[in-house]
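Let me begin by presenting the structure, written as structure tokens, before commenting on it.
Nothing in this text is a laboratory measurement; each read-out follows from the coordinates by a stated rule. Since the model is a prediction, treat every value here as computed from it, not as a measurement. Cβ sites come from the backbone with ideal geometry, for glycine too, and all protein chains shown count toward neighbours.
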């Protein structure tokens, strides 16, 4: 009575790795990183084979001091042809500033939790989606692709359990308004392969799997197992952060983003093509960890340097 | 969650190796009474099997020098197995004399590893184990077999699944009731785990297989998930992820029991183990060792003050 169907795959032949270290990673690091270091980090990442590197966030520096230098960063980096450098834009004002600074792709952040939305951006889910309509309209006119994120897909630091139906509803709305891809975020890393499967089953009823990505946090050590299940269900876009940059703001001292090195190691072992050079990635991780004066969160990096 | 609907086992047996494999790979020598206290705490968590110690010469493994005292000092809870390592007949007799009721033997799928680790070839080690297995059979003592380097060797690199199958088959044929396949350096991935299990499953019944994954490259839970999806229902792990990797300085070793249970709970798989109780036992030993836990679940739970 044991089905080996899930384990047999098939796995996608290629996976697109979306590198969120320079934005999501650094945003959740305590030390403010100087602009030249940010630029060098992104330039080094551009040499690894990564096709998408989230560069910065056009949000008010009052809220996110780490991203205050967004314009300088976006204008200072080497933009390698074939690589996309999306930036976060929480509203129309941020979008306009981003485009003026040269942005060619933007991201918007929704959530599957009312309380999280209230605490995070001080409005309801519905109100946040209305703000996004403005951004979508402007983006469409400017021919700028928009990536949508849904936070708290497997649990919320305030509400606890989140229904898969709610995640599907918000995802559908963001997809319908024109986001080319929806990245489903396990914001506090609380999900397991069980809840990942349940959530994806519901979301895949509303959004085609080719337009889905997973953004797993490793706070409870579950990220790679969760990603594995997502791959088994047909997801072929995975977000990760070099060196596992970015702690979890909801659990002091706990880890956050899954490390890109560890993800690529697993994908390599599965024979899945990513185009990413693991050694160059590890070197980039070493660079930013030295600059931040911290140890890497990547186990592959920890293991490899000493062998 | 309905594990059966997704083809997963309903129940997974967790074999806790912290007091032996874990402590053996910790730098700090742990006092006997601390070892006994750790094992007693683990006995109260619902864990069905706890590897207690190793009857190996204290010259080779100083951490396990107090094997007799530990074996005779621990509480023996009904329904809990307390296996001990016995590398040869001498160790076996010593273990029985100290009250052991289950033993383990450690083979390897790599000649180089066998030579470096126990100074003999795989064939020579099998001969020693056969002596143990014979005596064990006469005394009605169950024997568990381990195969190290199942997914890679620190000296030889790649290890072919047929070699692992060959060694597993020898151990199983001599009477080992269970074969634990060890990814000794944690280099395995879901890809190599699947290939390995497909090969071994042709010769060894699924119900007699266990996986012993190291988290040195962060792959352990993904590898364990793959194994469970293929029907394996016995998983080794170490409380707090005790035990570094002796082949990669500073790198992690054993997968943390807390993190495994968290995943199995989320999959709706029964283990009989109380996660919170394991975290408390982990907290105890980490305090005694003056070190931070390697369990992410424990880190997150103690930091948020919430336990899931």
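Run the helix sum for the protein assembly as shown: -39,500 (n - 2.57) per DSSP H stretch of 4+ residues, divided by residue count, reported at 222 nm to the nearest 500 deg cm²/dmol.
Taking each H run of at least 4 residues, the total per residue is -12000 deg cm²/dmol.
Restricting the count to DSSP beta bridges whose residues both fall in chain A, what percent are antiparallel, rounded to a multiple of 5? Could the numbers behind the result be given before it?
Working: 3 of 32 bridges.
Percentage antiparallel, nearest 5: 10.
Largest GNM mean-square fluctuation among A:173, A:205, A:280, using chain A with Cα springs under 10 Å: A:205.
How do B:276, B:146, A:11 rank when sorted from fewest to most other Cβ atoms within 10 Å of their own Cβ?
Values: B:276 14, B:146 26, A:11 18.
Lowest to highest Cβ neighbour count: B:276, A:11, B:146.
Kirkwood Rh, Cα Rg: Rg to Rh for chain B? The partial results should precede the final answer.
Details: Rg = 17.9 Å, Rh = 19.1 Å.
When Rh is taken as the Kirkwood radius, the ratio is 0.93.
As a proxy for reagent exposure, ranking B:212, A:217 by other Cβ atoms within 10 Å from fewest up yields B:212, A:217. Distance between the modelled labels on residue A:294 and residue B:10, one decimal in nanometres: 4.5 nm (7 Å Cα→Cβ projection).
Exposure proxy for B:124, A:206: other Cβ atoms within 10 Å of each Cβ, ordered fewest to most, give B:124, A:206. Shown is the FRET efficiency for residue B:169 and residue A:51, computed with R0 = 56 Å from the Cβ-Cβ distance and rounded to the nearest 0.05: 0.80. Placing a pseudo-label 7 Å from each Cα along the Cα-to-Cβ vector at residue B:160 and residue A:252 gives an inter-label distance of 5.6 nm.
Summarising the label geometry, the points placed 7 Å from Cα in the beta-carbon direction at residue B:290 and residue A:176 lie 6.2 nm from one another. Using R₀ = 60 Å, calculate the FRET efficiency as 1/(1 + (r/R₀)^6) where r is the Cβ-Cβ separation of residue B:203 and residue A:126; round to 0.05. Approximately 0.50, to the nearest 0.05.
Taking the DSSP bridge list for the protein assembly as shown and keeping only pairs wholly inside it, about 10 percent are antiparallel.
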